[in-house]
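Reading through the structure tokens given below for one structure.
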Amino acid sequence: MASTQAAAATEQAPTKNPTLLAWVAKMAAMTQPDRIVWCDGSEAEKARLTEQAVKDGTLIPLNPKTRPGCYLHRSNPNDVARVEHLTFICTPNKTDAGPTNNWMDPEAAYTKLGHLFEGCMKGRTMYVVPYAMGPLGSPFTKIGVELTDSDYVVLNMRIMTRMGKAALDMLGDSDDFNRGLHSTGDVNPDRRYICHFPQDNTIWSFGSGYGGNVLLGKKCLALRIGSYLGREEGWLAEHMLILGVTSPKGETTYVAAAFPSACGKTNFAMMIPPKEYAGWKIETVGDDIAWMRPGPDGRLYAINPEAGYFGVVPGTNNKTNPNAMETISRDTLFTNVALTPDGDVWWEGKDGEVPEELIDWQGKPWKKGSPEKAAHPNSRFTAPMSNNPVLSGKANDPMGVPISALIFGGRRSNTVPLVIQAFNWTHGVFLGATMGSETTAAATGKVGVVRRDPMAMLPFCGYHMGDYLQHWLDMQKSIPQLPKIFQVNWFRQDKNGKFIWPGFGDNMRVLEWIVNRVHGRVPTQETLLGWVPRQDQGLNLNGLDLSAEAVQEATSIKEDEWKSELKSQEVFFEQLGTKAPEALMLQRKLLIARLDG
Ligand code: GTP
Ligand code: SPV
Ligand code: MN
């Protein structure tokens, strides 16, 4: 049986790449699918797979008048977010994975998951999905091949990546590709593993059908394996959006910003500035991941390795993010949102009246006023970036864009002020390394607990966190024109638990200050944490509906809060042991001295 499948894999393959053929044959022999389908990325293939997904109940067609080309998918209710406790970095030495990752011995992991994969595709189809992370032909770009038994995964991958024949052509006969194996299995959380083998450029994912667990190009390749390759090859793989901001004078500045999951990257990347900013333009290069390397002119260049957005649905509306609303108006897959009686989708925070009746994300009837959420808090849209009305013309540029500023931002109801500029690169790395953020629904587990999340990479760094921070410090030697580094916090709350800063489009006010600082145009004020906007010549607050006291509260630095913050940072650095970079320990001492002095 197994050898027949292996032979079939080779016969129908649209490639002669010997390494790829041998690997597909080997995986087919293990998983024993009834059929093997090589995906070409064509429209005909999309139509065929969509029809089949509708037939088997994986996709529910939405009303073609209101949501043309859109479908709803309901995942298993036990499978709605990334599972960090079931995600493993499998390096030969445990220390190489570091204290912030779960570790499994590679041989033990291959054996354990091998048993789960053994025969798991009997009666099913194995899709061979070749994909490129990055623009075709770019020196940044990496090729992956994902083998999966899920048509939902294939349809998502064709939106999220440059998938099919073009990727296979770019690979040619090279053996330099990521080997991804995925099976939805029986969607049992006790038999769910997301394993990364950086040394083998391999990812095995079993037992989930959800987003970051199974769209292997995204968090698994572009961040976990990507960060490992970045360290080996001298570049950075980061959980960052990339945007271009153009002033009325026509000057474009590119920035990249790291905010943890569900903390505002997609929104910031496509924000519409308030009316006081007539003539300013924000354009999106990427909304989740940035690959960055020094360019020939000494600046740091970034690409977005993805081709689509896997975005948070709840809270998206025509006020907070009109560009996202337009992006998801067609050719979009919705996962775990509610269904309206007329075949449209609904979620908490959508514009307009709450409907009287809905079918909730689990497929159950729902009535207005019900205490249950109609859409899951981590419900998502998958939409092609080409739908984005403000997509940057550089989003497909193989050379990427030159980055002038890097921004780190967590979700903090207190302590962290609206914006700070780092004194220099090393201090900026310290700001990134000491980021904390309240947990969100993007991963399973308790929501709203502050945890240290260095550079928003805690769940995504594919090696030892201490080595990762050292790599960031080392990068300054290879970037003659360093971007300036900033820290922001949109999420500070007042004593009634209300967000103080209006956020969304008004974040433009902070971005303008950042742009002005980058070009050396505004003076600043020094504080113990870094440079902040001055009272005069600081943030542009014209037309902002916010009292002077509220602005003061959003930007305040309270020494008692910083003393507890330093304690929490200490626990994190202690965890890194001797791998805590010396330069960051010195930054810490300087901050303590400023606080005590
Ligand atoms: P991932 O896709 O999980 O990486 O998330 P993300 O970082 O792209 O976050 P996203 O932009 O999707 O925002 C997540 C949630 O935060 C949504 O519910 C937004 O409405 C909300 N949000 C985004 N920006 C702001 C802001 O400036 N202020 C406030 N209060 N909420 C915001
Ligand atoms: C995140 O959690 O940061 C996401 C969604 O962007 S997922 O693809 O599931 O990781
Ligand atoms: Mn993300």
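Looking only at strands (runs of 3 or more DSSP E) that lie completely in segment 272-328, which have at least 2 residues being open to solvent by 10 Å² or more (accessible area, probe 1.4 Å) and within 15 Å of ligand 3 (Cβ to nearest atom)?
Output list reads 308-312.
Among the residues of segment 300-316, is there at least one that is touching a Gly at 6+ places or on another chain (Cβ under 6 Å), farther than 21 Å from L223 by Cα and not assigned by the TED database to the domain that holds T246?
Yes.
Might you check whether a residue that is touching a residue at least 24 places away in the same chain (Cβ under 8 Å) and within 16 Å of ligand 1 (Cβ to nearest atom) occurs anywhere in segment 86-108?
Yes.
Which condition number in (1) surrounded by fewer than 24 Cβ atoms within 10 Å (Cβ to Cβ); (2) free of Cβ contacts under 8 Å to residues at least 40 places away in the same chain is the one that H182 fails?
Tallying (1) surrounded by fewer than 24 Cβ atoms within 10 Å (Cβ to Cβ); (2) free of Cβ contacts under 8 Å to residues at least 40 places away in the same chain, H182 fails exactly one: (1).
Looking only at helices (runs of 4 or more DSSP H) that lie completely in segment 488-597, which have at least 1 residues being among the β-branched types (V, I, T) and under 27 Å from the mean Cα position of the chain (by Cα)?
Numbers: elements: 507-518, 548-555, 559-576, 582-596.
The helices (runs of 4 or more DSSP H) meeting that bar are 507-518, 559-576.
May I ask you to list the residues in segment 411-442 that are open to solvent by less than 10 Å² (accessible area, probe 1.4 Å), farther than 16 Å from L566 by Cα and within 16 Å of ligand 2 (Cβ to nearest atom)?
Answer for segment 411-442, where residues must be open to solvent by less than 10 Å² (accessible area, probe 1.4 Å), farther than 16 Å from L566 by Cα and within 16 Å of ligand 2 (Cβ to nearest atom): just A442.
From the set of residues in segment 223-268 that are small (G, A, S) and open to solvent by less than 10 Å² (accessible area, probe 1.4 Å), which is nearest to ligand 3 (Cβ to nearest atom)?
Among them, the one singled out is A258.
Out of all the residues in segment 238-269, which are away from ligand 2 (no atom under 15 Å from the Cβ) and either within 23 Å of A441 (Cα to Cα) or part of a loop (DSSP other than H, G, I, E, B) (or both)?
Once the filter is applied, which keeps residues that are away from ligand 2 (no atom under 15 Å from the Cβ) and either within 23 Å of A441 (Cα to Cα) or part of a loop (DSSP other than H, G, I, E, B) (or both), segment 238-269 yields S247, P248, K249, G250, E251.
What number of residues within segment 418-473 are away from ligand 1 (no atom under 16 Å from the Cβ) and either within 16 Å of the chain's Cα centre (by Cα) or among the β-branched types (V, I, T) (or both)?
Matching residues across segment 418-473 total 7.
Conditions tested, residue by residue: (1) within 16 Å of ligand 1 (Cβ to nearest atom); (2) buried (at least 17 other Cβ atoms within 10 Å of the Cβ); (3) not polar (S, T, N, Q).
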{"site": "D494", "(1), (2), (3)": "yes, no, yes"}
{"site": "F504", "(1), (2), (3)": "yes, yes, yes"}
{"site": "I514", "(1), (2), (3)": "yes, yes, yes"}
{"site": "T527", "(1), (2), (3)": "no, no, no"}
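I need every pair where a residue in segment 149-160 that is among the small types (G, A, S) has its Cβ under 7 Å from the Cβ of a residue that is open to solvent by 10 Å² or more (accessible area, probe 1.4 Å), sequence separation at least 6 or different chains.
Between residues of segment 149-160 that are among the small types (G, A, S) and residues that are open to solvent by 10 Å² or more (accessible area, probe 1.4 Å), the close pairs are S150/T184; S150/G209.
Could you check G349 against (1) under 27 Å from P502 (Cβ atoms); (2) in contact with an Asp or Glu (Cβ under 9 Å, 6 or more places away or on another chain) and say which number it fails?
The number of the failed condition is (2).
Can you pull out the residues in segment 360-419 that are of a type in the set (S, T, Y) and part of a loop (DSSP other than H, G, I, E, B)?
Listed by number, the residues that qualify are S370, S379, S392, S413, T415.
Considering only segment 74-102, how many residues are open to solvent by 50 Å² or more (accessible area, probe 1.4 Å) and not in a helix (DSSP H, G or I)?
Going through segment 74-102 one residue at a time, the tally reaches 8.
For segment 26-73, give me the residue count where each residue is part of a loop (DSSP other than H, G, I, E, B) and in contact (Cβ under 8 Å) with a residue 40 or more places away in the chain. Full working, then the answer.
Narrowing segment 26-73 to residues part of a loop (DSSP other than H, G, I, E, B): 32-34, 39-42, 56-59, 62-70.
Next, from what is left, pick out any that are in contact (Cβ under 8 Å) with a residue 40 or more places away in the chain: 32-34, 39-42, 56, 58-59, 62-63, 66-70.
Number satisfying all stated conditions: 17.
Which residue, of G448, G432, G393, is without any contact (Cβ under 8 Å) to a residue 60 or more places away in the chain and of a type outside the set (D, E, K, R)?
One residue alone meets the criteria, G448.
The values are calculated or read from the model by the stated rules, or taken from the named source; none is laboratory data. All values reported here derive from a predicted model rather than from experimental measurement. When we count neighbours, we look across all protein chains shown, and the Cβ atoms used for this are built from the backbone with ideal geometry, even at glycine. Side chains are part of the model used for accessible areas, which takes the heavy atoms of the whole protein and leaves out ligands, DNA and RNA. Shrake-Rupley method; radii C 1.70, N 1.55, O 1.52, S 1.80 Å.
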